[in-house]
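Coordinate-derived values only; no laboratory data. Bear in mind the structure is a predicted one, so any value in this text is a computation, not a measurement. Cβ atoms come from the backbone with ideal geometry, glycine included; neighbour counts cover every protein chain shown.
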Amino acid sequence: MIFGTLAVCLAIVLCITVTLVGVDRTCVDDLAPRLPIYANTTIKLQQHNFLTQFGMGESVMILHSDDPVETVRNWYSRTVGAVVYADVQKGTIKHMGRANWTVDAAPEGEGSQIILYSYCGA
């Protein structure tokens, strides 16, 4: 009876673990293309409250680029727009999570500050 109880408990833990890792991976696969990292940036802050960056839960990444704000903003508009447009064309709009990016002048005075934010899961 003890072995049966342990087997059931182990099966429950295994099912929960596989489900959480699977959902986390699905979130990353969905969000990463919609939140690309601009080239030659410095990571100022990288924070997430579950397993991985841009996985299940809430994630924030703050980047700094030496490029002007308009250059970076235009790159994000074109790049993320192309990803979303391709999804629409293929009919594969899954978008499990929310993705948001903002580009503003860097607080240090030169360059751009990029904020990537995502929320995925329940």
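The length gained on full extension between Phe50 and Val13, counted as 0.36 nm times the residue separation minus their Cα-Cα distance, comes to 11.6 nm. The residues packed around Thr42, meaning those with a beta-carbon under 11 Å from its beta-carbon, carry a net charge of -1 if Lys and Arg are +1 and Asp and Glu are -1. Mind pulling the angle between the C-alpha long axis of helix 2-31 and the longest principal axis of the chain? Nearest 10 degrees, somewhere in 0 to 90. On a 0 to 90 degree scale, this one is about 20. In this structure the amide hydrogen of Lys44, modeled in the peptide plane, comes within under 5 Å of the amide hydrogens of Ile62, Leu63, His64, none closer than 5 places in sequence on its chain.
Per-residue 3J(HN,Hα) values for the stretch 104-113, derived from phi via the Karplus relation 6.51 cos²θ - 1.76 cosθ + 1.60 with θ = phi - 60°, read 9, 5, 5, x, 6, x, 10, x, 10, 10 Hz in sequence order (x marks Gly and Pro). Among the cysteines of the chain, those whose beta-carbon sits 4.7 Å or more from every other cysteine beta-carbon are Cys9, Cys15. On a 0 to 90° scale, report how tilted helix 69-90 is relative to the longest principal axis of the chain, with both axes built from alpha carbons and the result rounded to the nearest 10. Helix 69-90 and the main axis of the chain meet at about 50 degrees.
What 222 nm value per residue comes from the helices of the chain, counting each DSSP H run with n ≥ 4 as -39,500 (n - 2.57) and dividing by all residues, nearest 500 deg cm²/dmol?
On the way: 2 runs with 52 residues, N = 122.
-15000 deg cm²/dmol, from helical runs alone.
The string of couplings for the stretch 55-68 from the Karplus curve (6.51, -1.76, 1.60, θ = phi - 60°) is x, 4, x, 10, 9, 9, 9, 10, 10, 10, 10, 7, 6, x Hz, one whole number per residue in order, with x for Gly and Pro.
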